[in-house]
Amino acid sequence: MSYTQKRALVVVFPGFNVLDVSGPVSVLYNSDFSVSYAAKDELTTSQENATVKRDISLAEAKLHLSDYEILIVPGSRPNNILPHVEQLSELVEFIACFASDTDQDSVRQRTILAVCIGAYLLAFGGVLDGLTAITHRLAVPGLRDATQHYLDRTPGAKGTRVVPEHPSELVSFLDAGLNQFGVRIITTGAIVNGIDAALHFVSLGSSRSLAIEVAGLMGHQWKDI
């Protein structure tokens, strides 16, 4: 029987947060995933001034959505996202396509993991509509505004419950379950919680024992839900 390696896709945009990417990618790499990077431009620089060379354009990746089991969506500081929503429209549309354009013949369960303020990008595209979501505790008001904006301009939208209700309540990550297209949507609280959420994904798709093993290898105390 031939072996097919599981594949993950990371989308990056100007000003993305490096740890939002490197944490989940380290988990997936140590769980035997092949990881590729998609972006609008050939080279993309993070807010920490690290530059990533893409493996595939967003346009090309859109033609091969069923190749990937998980899409990692990093965040950034709000001022790297909110003033540039129009420039990020191709990325927002790509994320929305990943969340909805499912291949009925594929046996793979598709997942979107939005780390920290990456949830904003899901909200702009309506990916969080009808679901519950979290983000960094200081960015909760902005996520509520983004989901409300989508609700106001989209007939038939259901709205999004954003938690926690009080910023003093800390939530590591939230698995909202499957959306109407059968795609699992996971959002996280703080930046480092992307590691916890990625381990949760591995525990669901492979085994809890593998997730525990990878957490130990990384020296990370896993905060599972």
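Which is at pLDDT 95 or above and either in contact with a Leu (Cβ under 8 Å, 6 or more places away or on another chain) or aromatic (F, W, Y) (or both), of G216, G159?
Values: G216 fails: either in contact with a Leu (Cβ under 8 Å, 6 or more places away or on another chain) or aromatic (F, W, Y) (or both).
Of the residues listed, the single one that is at pLDDT 95 or above and either in contact with a Leu (Cβ under 8 Å, 6 or more places away or on another chain) or aromatic (F, W, Y) (or both) is G159.
Given (1) assigned to a strand (DSSP E or B); (2) open to solvent by 10 Å² or more (accessible area, probe 1.4 Å), where does F201 come up short, assuming only one miss?
(1)
Taking the condition more than 30 Å from H149 (Cα to Cα), open to solvent by less than 20 Å² (accessible area, probe 1.4 Å), outside any loop (DSSP other than H, G, I, E, B) and of a type in the set (S, T, Y), does S31 pass? Write out each step before concluding.
Numbers: more than 30 Å from H149 (Cα to Cα): yes; open to solvent by less than 20 Å² (accessible area, probe 1.4 Å): yes; outside any loop (DSSP other than H, G, I, E, B): no; of a type in the set (S, T, Y): yes.
Criteria not met by S31.
I'd like the full set of residues that are within 19 Å of the chain's Cα centre (by Cα) and crowded, with 16+ Cβ neighbours inside 10 Å, limited to segment 207-225. Before you say what the answer is, go through the steps one by one.
Kept after step one, since they are within 19 Å of the chain's Cα centre (by Cα), are these residues of segment 207-225: 211, 222-225.
Residues satisfying the conditions are A211, W222, K223.
Of all the strands (runs of 3 or more DSSP E) wholly in segment 36-107, which have at least 3 residues that are within 17 Å of the chain's Cα centre (by Cα), surrounded by 13 or more Cβ atoms within 10 Å (Cβ to Cβ) and touching a residue at least 12 places away in the same chain (Cβ under 8 Å)? Show your work before the answer.
Working: elements: 43-45, 51-53, 70-73.
Here the list reads 70-73.
If a residue must be surrounded by 14 or more Cβ atoms within 10 Å (Cβ to Cβ) and in a loop (DSSP other than H, G, I, E, B), how many such residues does segment 168-191 contain?
Residues flagged as surrounded by 14 or more Cβ atoms within 10 Å (Cβ to Cβ) and in a loop (DSSP other than H, G, I, E, B) within segment 168-191 amount to 7.
Quick test of your reading of the structure: P155 fulfils all but one of (1) part of a loop (DSSP other than H, G, I, E, B); (2) under 23 Å from Q87 (Cβ atoms). Name the failing condition by number.
(2)
Output the residue which, of all residues in segment 120-161 that are among the aliphatic types (A, V, I, L, M) and open to solvent by 40 Å² or more (accessible area, probe 1.4 Å), is nearest to V73 (Cα to Cα). If you could, list the steps in order and put the result at the bottom.
Kept after step one, since they are among the aliphatic types (A, V, I, L, M), are these residues of segment 120-161: 121-123, 127-128, 131, 133-134, 138-140, 143, 146, 151, 157.
Now drop any that are not open to solvent by 40 Å² or more (accessible area, probe 1.4 Å), which leaves 138, 151.
Working: L138: 19, L151: 22 Å.
Checked segment 120-161; the qualifying residue nearest to V73 (Cα to Cα) is L138.
State whether the residues of segment 191-213 include one that is touching a Pro at 6+ places or on another chain (Cβ under 6 Å) and of a type in the set (G, A, S).
Kept after step one, since they are touching a Pro at 6+ places or on another chain (Cβ under 6 Å), are these residues of segment 191-213: 194, 198.
With of a type in the set (G, A, S) added as a condition, the list becomes 194, 198.
Yes, that holds for at least one residue.
Kindly indicate whether any position in segment 136-155 is touching a residue at least 24 places away in the same chain (Cβ under 8 Å) and within 14 Å of the chain's Cα centre (by Cα).
Yes: segment 136-155 contains one or more residues that are touching a residue at least 24 places away in the same chain (Cβ under 8 Å) and within 14 Å of the chain's Cα centre (by Cα).
Based on this model, can you work out whether G194 counts as in contact with a helix residue (DSSP H, G or I) (Cβ under 8 Å, 6 or more places away or on another chain) and surrounded by fewer than 18 Cβ atoms within 10 Å (Cβ to Cβ)? First the steps, then the outcome.
Details: in contact with a helix residue (DSSP H, G or I) (Cβ under 8 Å, 6 or more places away or on another chain): yes; surrounded by fewer than 18 Cβ atoms within 10 Å (Cβ to Cβ): no.
It is false that G194 is in contact with a helix residue (DSSP H, G or I) (Cβ under 8 Å, 6 or more places away or on another chain) and surrounded by fewer than 18 Cβ atoms within 10 Å (Cβ to Cβ).
The values are calculated or read from the model by the stated rules, or taken from the named source; none is laboratory data. Computed from a predicted model, the values in this text were never measured in an experiment. Every residue, glycine as well, gets a Cβ built from its backbone with ideal geometry; the counts of neighbours run over all protein chains shown. Heavy atoms of the whole protein, side chains included, go into the accessibility calculation; ligands, DNA and RNA do not. Shrake-Rupley method; radii C 1.70, N 1.55, O 1.52, S 1.80 Å.
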